[in-house]
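Asks: Could you have a look at this structure, given as structure tokens, before my questions?
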Amino acid sequence: MGGDGAGPGGAGGDGAGSVEVLDCRGQRCPLPVIALARRLPELPVGAVLRVLADDPAAAVDIPAWCRMRAQQFVTAIPDGPGYEVRRTH
């Protein structure tokens, strides 16, 4: 499913202020959302996962997934293009 841009532990830390990167560029939805759903539970509560995704559908699908799964959609990053999601539980 593509690399994540971070080594083992990535940005690491206790979750506060840390940002992991999941590189899903070149993948078409629903693959970025599936990768997000698999990676987020591996991170500590409070950690932020930045999903790099260039499929235009990700702009709708990632925030929708966050609402359905009660996770916090933090922001969209136009330069990435990327989307930041905070693990809430």
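Asks: With the requirement that a residue be at pLDDT below 75 and either crowded, with 16+ Cβ neighbours inside 10 Å or touching an Asp or Glu at 6+ places or on another chain (Cβ under 9 Å) (or both), what does region 10-21 give you?
Replies: Gly10, Ala11, Gly12, Gly15
Asks: Cβ-Cβ under 9 Å, sequence separation 6+ or interchain: first residue in region 63-75 and free of Cβ contacts under 8 Å to residues at least 60 places away in the same chain and over 18 Å from Pro30 (Cα atoms), partner among the aliphatic types (A, V, I, L, M) and assigned to a strand (DSSP E or B). Which pairs?
Replies: Gln72/Val48; Gln72/Val85; Val74/Val48; Val74/Val85
Asks: In region 44-55, how many residues are surrounded by fewer than 18 Cβ atoms within 10 Å (Cβ to Cβ) and closer than 13 Å to Gly80 by Cβ?
Replies: Number of matching residues: 1.
Asks: Return the pairs, sorted by first residue and then second, in which the second residue is of a type in the set (Asp, Glu) and assigned to a loop (DSSP other than H, G, I, E, B), the first residue lies in region 22-43 and is free of Cβ contacts under 8 Å to residues at least 60 places away in the same chain and surrounded by 16 or more Cβ atoms within 10 Å (Cβ to Cβ), the beta carbons are less than 6 Å apart, and the residues are 6+ apart or on different chains.
Replies: Within 6 Å, the pairs are Leu22/Asp4; Asp23/Asp4; Arg25/Asp54; Cys29/Asp55.
The values are calculated or read from the model by the stated rules, or taken from the named source; none is laboratory data. It should be emphasised that the depicted structure is a prediction, and the values quoted were computed from it without experimental measurement. Neighbour counts run over all protein chains shown; Cβ positions are idealised from the backbone, glycine included.
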